[in-house]
1. Say whether the condition of being small (G, A, S) and touching a residue at least 40 places away in the same chain (Cβ under 8 Å) is met by at least one residue in the stretch 52-74.
2. Looking only at the stretch 77-89, decide whether some residue is surrounded by 13 or more Cβ atoms within 10 Å (Cβ to Cβ), over 10 Å from the mean Cα position of the chain (by Cα) and among the basic types (K, R).
3. Let me confirm something: among E68, E64, which residue is farther than 25 Å from Y1 by Cα and either surrounded by fewer than 12 Cβ atoms within 10 Å (Cβ to Cβ) or among the aliphatic types (A, V, I, L, M) (or both)?
4. Would you check if G27 is loosely packed, with under 13 Cβ neighbours inside 10 Å and touching a residue at least 24 places away in the same chain (Cβ under 8 Å)?
5. Give the stretch 31-54 a look and list any residue that's out of contact with any strand residue (DSSP E or B) (no Cβ under 8 Å at 6 or more places or on another chain) and among the small types (G, A, S), or say none.
6. If you take the residues in the stretch 14-24 that are of a type outside the set (F, W, Y) and at pLDDT 90 or above, which one is surrounded by the most Cβ atoms within 10 Å (Cβ to Cβ)?
Amino acid sequence: YARKARALAEALRVSCPSLAFDAPSGGMFLWARITNEGGPAAMDLARRALGHDVSVVPGDPFFERNPETDRLRLSFSQGSEEQLAEGARRLG
């Protein structure tokens, strides 16, 4: 998954400048934070992304207390590097 993680991270850097994230050092997900003031909450962005055939998971449900509504969980395990780049472009 390392190659796919790098591909997604690079695509997000290019296509989604309003997302902040650390490239994952393992696992199957990249966690991102929406940085633009007044931008959509992660839940709203996830709904809008579905309209562009992109599936992202809002981070809210992963917090037991005080959910951070600006977090997204992005999976890189299933798509090809090309699909991950296209998904990042559409998300942007």
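The values are calculated or read from the model by the stated rules, or taken from the named source; none is laboratory data. Just so you know, these numbers come straight off a predicted model, no measurement behind them. Using ideal geometry, Cβ is built from the backbone for each residue, glycine included, and neighbour counts are taken over all protein chains shown.
1. There is no residue in the stretch 52-74 that is small (G, A, S) and touching a residue at least 40 places away in the same chain (Cβ under 8 Å).
2. The answer is yes; a qualifying residue exists.
3. Only one candidate qualifies: E64.
4. Details: loosely packed, with under 13 Cβ neighbours inside 10 Å: yes; touching a residue at least 24 places away in the same chain (Cβ under 8 Å): yes.
Yes: the conditions hold for G27.
5. Here is the first cut: in the stretch 31-54, the ones out of contact with any strand residue (DSSP E or B) (no Cβ under 8 Å at 6 or more places or on another chain) are 36-39, 44, 47-54.
Selection gives G38, G39, A49, G51.
6. The qualifying residue surrounded by the most Cβ atoms within 10 Å (Cβ to Cβ) is L19.
Here's the yes/no breakdown for (1) closer than 15 Å to L72 by Cα; (2) modelled with pLDDT of 95 or more:
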position	(1), (2)
Y1	no, no
L12	yes, yes
G26	no, no
A46	yes, no
